[in-house]
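As structure tokens, the structure follows; a few thoughts come after it.
The values are calculated or read from the model by the stated rules, or taken from the named source; none is laboratory data. Everything quoted here is computed from the prediction, not taken from an experiment. Cβ placement follows ideal geometry from the backbone for every residue including glycine, while neighbour counts extend to all protein chains displayed. What goes into the accessible areas is simple: the full protein's heavy atoms, side chains included, and nothing from ligands, DNA or RNA. Shrake-Rupley method; radii C 1.70, N 1.55, O 1.52, S 1.80 Å.
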Amino acid sequence: MKRRLLLLLPLAGFLVLTVFLYRGLSINPAERDSALVERPFPAFSLTTLGDPGRTLDDSLMQGQVTLVNVWGEWCPTCKQEMPQLLELADRGVRLVGVDYKDTREKGREFLAEFGNPFEVSLFDPEGSLGFDLGVYGAPESFLVDAEGVIRYHHTGYISPRDVEQVILPEVTKWQD
């Protein structure tokens, strides 16, 4: 009897492993919460995309509610998202871009072609700020309150529906 039970152990182990793998594959990464929500925006010192001689730091995130959008020229979804970001800027939302793992030339060409909704774009060619933010792909957006605390994280594309039903209500909530 014990011998039969020992023969079933590999099968039981296989079934347990199968359940864990199935569960892991069914998780939508776009629905994950950022560990940085409710924490200060990470410290950084980066040059701007437009002016390699101009360096900005995390004090940029102080003083007013800001939507920080991580994007790259290489990202097809970022191109689809640009009309929504332009609309948000037209509606008075302060946007700061992070040109992530890109070249300065390609980033500038991207903004010239698709429009520039950003007050400023930080140039993050090595992905250091993206790493500190926990970015695993672009686009990703972070809503930062006037004190520099991350209040909301949006993974992936901001759709027209997201503008009205998610982003603008979040901005309004933290402006009050």
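Data for the structure
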{"read-out": "Verdict on R151 being touching a helix residue (DSSP H, G or I) at 6+ places or on another chain (Cβ under 9 Å), of a type in the set (K, R), modelled with pLDDT of 95 or more and not in a loop (DSSP other than H, G, I, E, B)", "value": "yes"}
{"read-out": "Residues located in the stretch 77-95, provided they are open to solvent by less than 10 Å² (accessible area, probe 1.4 Å) and closer than 13 Å to E140 by Cβ", "value": "C78, E81, L85"}
{"read-out": "Pairs where the first residue, in the stretch 52-70, is touching a residue at least 40 places away in the same chain (Cβ under 8 Å) and the second is open to solvent by less than 70 Å² (accessible area, probe 1.4 Å) and of a type in the set (F, W, Y), C-beta under 7 Å, 6+ apart", "value": "D58/F41; D58/F44; M61/F41; V68/F142; V70/Y100"}
{"read-out": "Residue in the stretch 133-141 that is out of contact with any helix residue (DSSP H, G or I) (no Cβ under 9 Å at 6 or more places or on another chain) and at pLDDT 95 or above present", "value": "yes"}
{"read-out": "Pairs, first under 21 Å from V163 (Cα atoms) in the stretch 91-105, second open to solvent by less than 20 Å² (accessible area, probe 1.4 Å) and β-branched (V, I, T), C-beta under 7 Å, six or more apart", "value": "V93/V171; R94/V65; R94/T66; V96/T66; V96/V68; V96/V120; V98/V68; V98/V70"}
{"read-out": "Some residue of the stretch 142-151 being more than 20 Å from A43 (Cα to Cα) and either crowded, with 16+ Cβ neighbours inside 10 Å or in contact with a Phe, Trp or Tyr (Cβ under 6 Å, 6 or more places away or on another chain) (or both)", "value": "no"}
